[in-house]
1. Starting from the range 34-45, take each residue that is at pLDDT 95 or above and list its partners that are part of a helix (DSSP H, G or I) and open to solvent by 90 Å² or more (accessible area, probe 1.4 Å), counting only C-beta distances under 7 angstrom and pairs at least six apart or across chains.
2. Collect the residues in the range 64-84 that are assigned to a helix (DSSP H, G or I) and open to solvent by 100 Å² or more (accessible area, probe 1.4 Å), keeping them in residue-number order.
3. Determine if the range 35-55 includes at least one residue that is part of a loop (DSSP other than H, G, I, E, B), of a type outside the set (Phe, Trp, Tyr) and open to solvent by less than 90 Å² (accessible area, probe 1.4 Å).
4. Do the conditions hold for Arg90, that is, is it out of contact with any Leu (no Cβ under 7 Å at 6 or more places or on another chain), open to solvent by 100 Å² or more (accessible area, probe 1.4 Å) and either modelled with pLDDT of 95 or more or outside any helix (DSSP H, G or I) (or both)?
Amino acid sequence: MNQNDQLNSVSLKEHLLGLLAVQQEMANERKASIDLRFELAERALELDHIEMLRRLDLLNHAHEDARQKEASFVGREVYESQVKDHNKWRDEVNSALSTRQGRSSVTSGVAGAVGGLALSALFAMIMYIAKAILNGFPR
């Protein structure tokens, strides 16, 4: 062996210890990486839990709001009875209006006929008086 080879040569023990040190370092890095992944997963679970609690709180609040609004609603039975009463009242009003309109039509017709007869009689009387006056004058 020459002197250059001796400077570049490493004993087997040193070589194996170097390989073991590199493997140990890689194992430590993997372990650190895995530990970091578990820590991040645990943190993600904590954040997910916090978010779930927040959403549940919002849902509970929304549910309470909906329950309060629902308390002011009218039930189907009450609504249907009110609609039935309203329809009955409307039919009674329409019937009364139709009857009144029929009566007023008859009254208007009678009044018109009486008025027409009165005007005819008045006109006939005026004509009779005019004829009598005109016939009374000498020609």
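1. The qualifying pairs do not exist here.
2. Arg67, Gln68, Lys69, Glu70, Arg76, Glu77, Tyr79, Gln82, Lys84
3. no
4. no
The values are calculated or read from the model by the stated rules, or taken from the named source; none is laboratory data. The structure displayed is predicted, hence computed values, not measured ones. Note: ideal-geometry Cβ built from the backbone for every residue, glycine included; neighbour counts use all protein chains shown. Heavy atoms of the whole protein, side chains included, go into the accessibility calculation; ligands, DNA and RNA do not. Shrake-Rupley method; radii C 1.70, N 1.55, O 1.52, S 1.80 Å.
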